[in-house]
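Each remark here refers to the structure printed beneath this line.
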Amino acid sequence: MTESLENILKRYRPYGPTYAPGDKSPYSGTFICDRGTMLSPVRVQLAKGEEFPEAEGLGAHTRWRETNIQA
């Protein structure tokens, strides 16, 4: 039985907020999208208020999280 995307994401929310494509960046910084164990992560640097993009190959399932990496 497959779980819905929202049920899966609820398990990870205690570790910090996640952002979907179209959400506005709460602050300027670097965000990361882990695309899976066999694919390298995607990083994006956004200014406060910019929209999060879709990551390569994930479409609407893209989820971004904050990182302390300064690109």
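The values are calculated or read from the model by the stated rules, or taken from the named source; none is laboratory data. Fair warning: this is a prediction, and the values are worked out from it, not measured in the lab. Note that each Cβ is placed from the backbone with ideal geometry, even for glycine, and that neighbours are counted across all protein chains shown.
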| Selection within the range 6-22 - at pLDDT 90 or above and either part of a strand (DSSP E or B) or surrounded by fewer than 14 Cβ atoms within 10 Å (Cβ to Cβ) (or both) | Tyr19, Gly22
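Only one residue in Thr37, Thr67, Thr30 is at pLDDT below 90, under 11 Å from the mean Cα position of the chain (by Cα) and either surrounded by 13 or more Cβ atoms within 10 Å (Cβ to Cβ) or of a type outside the set (A, V, I, L, M) (or both), so which one is that?
Within the list Thr37, Thr67, Thr30, the selection yields Thr67.
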| If we scan the range 53-61, do we find a residue that is surrounded by 14 or more Cβ atoms within 10 Å (Cβ to Cβ) and at pLDDT 90 or above? | yes
| Of all residues in the range 40-52, which are of a type outside the set (Lys, Arg) and either in a loop (DSSP other than H, G, I, E, B) or modelled with pLDDT under 85 (or both)? | Ser40, Pro41, Ala47, Gly49, Glu50, Phe52
